[in-house]
Amino acid sequence: MLQRIRMQTLTQLKRLGLFDARVPRYTSYPTAPHFKAGFGPETLANWISAIPAGNKVSLYVHIPFCRRLCWFCACRTQGTSTAEPVAAYVDSLKSELATIKSLLAPGIEIEHLHWGGGTPTLLQPEMIADLTDAILNTMPLAEGAQFSVEIDPSEVDDARLDALAAAGMNRASIGVQDFDPMIQEVIGRPQSYEITKDAVDGLRARGIDSLNMDILYGLPHQNVARVTDSVEKLISLGPDRVALFGYAHVPWMARRQTLIPTEALPSAEARLELFNAARDLFVASGYDEIGIDHFALPTDGLAKAHKAGTMKRNFQGYTEDASEVLMGVGASSIARYPQGYVQNQPATAKYQAAARDGQLTAAKGHTFEGDDIARGRVIEDLLCYFRADLAALAKEQSLPIETLLEWVDGLEEAMPGTTDLVDNVLTIRDESRPLARIIARHFDAYEVNESGHSQAV
């Protein structure tokens, strides 16, 4: 009986496009491909100056450098074998921070600080201290602030862990991807379980107990047995929070992915089987299922925010960060302000030249207009909670409920049997949750072309 139900569900998911639709991850709305070029630094300066005195903000710092360029990765990174380019980049970050400081109202504090990349642990200990001083000279950390850093276990040692702990890091994020040595070789990411465990032990020895880990499904040569082994090893390390991401094979966007054998990738149906196998292991091990691809222990801040209904979704994925402002520094970093989104110059050399000249480096952006915020909230709620209270959102956004109900028109026809609308609350049915992003796309006014069909991205 159970097997028959699963087969019927699989058939329904396949029919509704789960295995062929390419849809955004919706870490913003509109999504980054819709940001407009030529977005002026003057606009960004006005947005920064408009942050009220005494407010708490979040800050993302992008470090684009890697010692090795993993073949599976589609992030904007560049390789380096020496410290000189990294040191010069840190100086550019300091210049950008000084420009931002000149625009800030007094008393603004950082509630969430995240260093991502790239490989932030490529920074030498003195660079870590130097960059931290520059950040805290711009804005101090608020009491109880979260300071997280992405850690590459293959690119960290005791001296850098000491420097990060001294800087105030209290949460670490480690990318695992997969522990199988053969799969690691195929994706260009050698990283043994032992070296990962050493990094975890080193963090905990320094009092850093909050730990995120990322793992991928859909990699070449993966099967249920291999994913099970990797997930069990990951769980043995005791992360508080796990992101279970589907590998996106986009060699036309990320040239290094051409090194990955396409013929070894699992089928779309097999990908779902891999996800379900990993999901079942996390749930059985006491993790709460959070949104479409995260798991967290009940004691973790993300699980608490999810239960409280305060969880959000931003460029780092799911977060308990409730700040209205997420500032971004560094090449290609994306920021969110109450007025809209802005992305820094993506080319590192151009970014550094502008930053050194005391300029803000905004290159692309989007100013919220029309129903952007309301549509974005519907999409966010569906991906966070698989439900959207349209009446509450209409009241919050000062819109007639009829407007939001109009957005729902056609959803049942396009995605039959996947949602329920009761008392103006739209809910995605449990068995249809894998379709959440496709359902969310129905509310995306930017992903629809002139013919009324959603564009693949």
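The values are calculated or read from the model by the stated rules, or taken from the named source; none is laboratory data. Treat the numbers as computed from the prediction; the structure is a model and nothing was measured. Every residue, glycine among them, receives a Cβ derived from its backbone with ideal geometry; neighbour counts consider all protein chains shown. Ligands, DNA and RNA are stripped out before the accessible areas are found, and what is left, the full protein with its side chains, is counted by its heavy atoms. Shrake-Rupley method; radii C 1.70, N 1.55, O 1.52, S 1.80 Å.
Here are Arg256, Arg271: which of them is open to solvent by 10 Å² or more (accessible area, probe 1.4 Å), touching a residue at least 24 places away in the same chain (Cβ under 8 Å), in contact with a Leu (Cβ under 9 Å, 6 or more places away or on another chain) and within 27 Å of Ile379 (Cα to Cα)?
Arg271
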Here the residues within the range 207-223 that are open to solvent by 20 Å² or more (accessible area, probe 1.4 Å) and either more than 23 Å from the chain's Cα centre (by Cα) or not assigned by the TED database to the domain that holds Ser148 (or both) are Gly207, His221, Asn223
Note on the range 364-378: residues touching a strand residue (DSSP E or B) at 6+ places or on another chain (Cβ under 6 Å) and open to solvent by less than 30 Å² (accessible area, probe 1.4 Å) are Gly365, His366, Val378
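Okay, residues lined up against (1) under 22 Å from the mean Cα position of the chain (by Cα); (2) under 26 Å from Pro266 (Cα atoms); (3) free of Cβ contacts under 8 Å to residues at least 40 places away in the same chain:
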site	(1), (2), (3)
Asp157	no, no, yes
Val186	no, yes, no
Gly202	no, no, no
Ala205	no, no, yes
Residues in the range 317-331 that are in contact with a Gly (Cβ under 7 Å, 6 or more places away or on another chain) and open to solvent by 50 Å² or more (accessible area, probe 1.4 Å) total 0
Test: residue in the range 136-148 that is modelled with pLDDT under 95, closer than 23 Å to Gly238 by Cα and open to solvent by less than 60 Å² (accessible area, probe 1.4 Å) | no
Checked the range 181-190 for anything surrounded by fewer than 21 Cβ atoms within 10 Å (Cβ to Cβ) and not small (Gly, Ala, Ser); matches are Pro181, Met182, Gln184, Glu185, Val186, Pro190
Practice prompt. Determine if the range 280-294 includes at least one residue that is in contact (Cβ under 8 Å) with a residue 40 or more places away in the chain, part of a helix (DSSP H, G or I) and at negative phi.
Written response: yes
Among Leu131, Leu122, the single one that is of a type outside the set (Val, Ile, Thr), crowded, with 19+ Cβ neighbours inside 10 Å and within 29 Å of Glu324 (Cβ to Cβ) is Leu131
Hey, does the range 414-424 have a residue that's outside the structural domain of Arg313 (by the TED database), within 22 Å of Met311 (Cα to Cα) and at pLDDT 95 or above? yes
